[in-house]
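Below is one structure; the comments refer to it alone.
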Ligand SMILES: Nc1nc2c(c(=O)[nH]1)N[C@H]1C(S)=C(S)[C@@H](COP(=O)(O)O)O[C@H]1N2
Ligand SMILES: [Mo]
C-alpha cells in the first residue's frame, strides 16, 4: 500500500500541527473537557508513527540529494522522535525519568523542534497536487486515522484521569517553571485584598472547606480537602461590577480570573486538616476547583480587582 510522498509530507505537517494545538489546549483544560482533546492529541502521535515507513522513503530520497542544512532535517526528525517516545513513556505509566518527568521531555523536545519545523516547510515547501486527493488515498488516510484512534484506546493512559494524569501521593512541591520556594513568616506576612489588609490569624479563623482535585500538567493529580476562606468574602460588595480578579504571589507569579468565577475560588491555609507547608504555598494558596494546577497560585500576598478582561494574561505563566 503506497502513499505518494507529497501526501505523506502534507499529512505529517497537518498531524504535527494538530498535535501541537491539542497539546497546548489540553494544558488549559481539566476534567472531562480534556478527554476528547487528549484523544485527538494521542491519535495524532500514533498516526505520525504509522506514517514513518512512508516518510523514511521520502527522507532517504531527500538525503541522497545532499542539499544544504541536511543536519537540520535530522535534528527535526530526532526531536519529534524524542517527543513522541516520551509521550508513550508517560502514557504507559512512567511519570519520572531521573530528575525530570516524561512530560518535561515530551513538551521540551516538542518546543525545541518548532523553529526546525518552520524552517523545514519553508525550505522544502509542500507540493500537494489535486491528483493526490483521490478516493483511494482518502481511504488509506481514513485507515491510518482509524488505526490511530483505536490504538489510543489500548494505551494505559486511556484508563487514567481524563487528562491522562496519574493519581499521585502528593509531591513535596511542584513549580511551573523557575519559581523557588520562599520561606515566609506568618507573623509578618500580610494579604492585601482589594484595599483591605489581612493577617494570617484573621484568615486562619475561617473554615470554608472544599474538596478538589489538583491536576498538574506535569502528569499527576491528587484529591484533597482544602480549608480556608472563600475569596469572595474578602472582596468589597461592588466587586461584581468589575471584570476580573488577579491573584498575586510573593514571587510575582500571578493568575487572573473572571469575576464571575470568584465564587468558586478558595484561599487555603490548610490541606487535609494540617497547615500548609512551605512547598505547598504556606501561609496562603489559591484553590481553583476544575482548573489545572498552574492556576493554583501559592504564597499569595495580594488580590486585586479591575476592569481588564480575564483573558488579559499569558495563557500560561511565564516564570
Ligand atoms: N507562585 C507559584 N505558584 C504556583 C506555581 C509556581 O511555580 N509559583 N506552580 C503551580 C503549579 S504548575 C502547580 S501544579 C501547583 C503545585 O502545587 P503543589 O506544589 O502544592 O503541589 O502550584 C501552582 N502554583
Ligand atoms: Mo503544574
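Counted over all Cα-Cα pairs of segment 5-167, pairs farther apart than 22 Å make up 45 percent.
Going by average Cβ density within 10 Å per residue, which order do the peptides 86-98, 276-288, 125-137 take, highest to lowest?
The peptides rank, most packed first, as 276-288, 86-98, 125-137.
Roughly how many whole Å is it from the C-alpha centroid of segment 102-179 to that of segment 1-35? Comparing the Cα centres of segment 102-179 and segment 1-35, I get a distance of 5 Å. In segment 202-221, whose amide N lies under 13 Å from the spot 7 Å out along Cα-to-Cβ of residue 96? List them in ranges. Backbone N within reach: 220. Viscosity 0.692 mPa s, temperature 37 °C: what is the translational diffusion coefficient of segment 237-319 from Stokes-Einstein with a Kirkwood Rh over Cα pairs, rounded to a whole number of µm²/s? Answer, rounded: 250 µm²/s. What translational diffusion coefficient, to the nearest whole µm²/s, does segment 145-197 have by Stokes-Einstein, given a Kirkwood radius computed over alpha-carbon pairs, a temperature of 10 °C and 1.306 mPa s viscosity? Calculated translational D: 98 µm²/s. When peptides 100-111, 165-176 are sorted by average Cβ neighbour count within 10 Å, with the highest value leading, the order is 100-111, 165-176.
The Rg/Rh ratio of segment 204-245, with both radii computed over alpha carbons and Rh defined as the Kirkwood radius, is 1.12. Relative to the longest principal axis of the Cα atoms of the chain, the long axis of helix 102-123 lies at roughly 50 degrees. Every helix of 4 or more DSSP H residues in the chain counts as -39500 (n - 2.57), and over all residues that averages to -13500 deg cm²/dmol at 222 nm. As an equivalent ellipsoid, the chain spans semi-axes of 46, 19, 18 angstrom, where each value is the square root of five times an eigenvalue of the C-alpha gyration tensor, largest first. Segment 1-72 gives an Rg/Rh value of 1.12, both radii derived from C-alpha positions and Rh following Kirkwood. Radius of gyration over Kirkwood radius for segment 105-209, both on Cα atoms: the Rg/Rh ratio is 1.23. Peptides 56-68, 150-162 ranked from most to least packed, by the mean per-residue count of other Cβ atoms within 10 Å: 150-162, 56-68.
D by Stokes-Einstein for segment 190-306, Kirkwood Rh over Cα pairs, 20 °C, 1.002 mPa s: 153 µm²/s. With respect to the chain, whose longest principal axis is taken over its alpha-carbon atoms, helix 33-50 is tilted by about 30°.
Normalised by the number of residues in the chain, the average gap of Cα pairs under 8 Å and 6 or more apart makes the relative contact order 17 percent.
Over all distinct Cα-Cα pairs of segment 47-92, the Kirkwood formula returns a hydrodynamic radius of 11.8 Å. Helix 5-28 sits at what angle to the longest principal axis of the chain, using alpha carbons and giving 0 to 90 degrees rounded to 10? Orientation of helix 5-28: about 10 degrees from the principal axis. The C-alpha atoms of segment 117-275 occupy a region whose extents along the principal axes are 72, 34, 31 Å, arranged from largest to smallest.
Bear in mind these aren't lab numbers, they're just calculated from the coordinates by the rules spelled out. Everything numeric here is computed off the predicted structure, so don't read it as measured data. Positions of Cβ are generated from backbone atoms using ideal geometry, with glycine treated the same way; all protein chains shown enter the neighbour counts.
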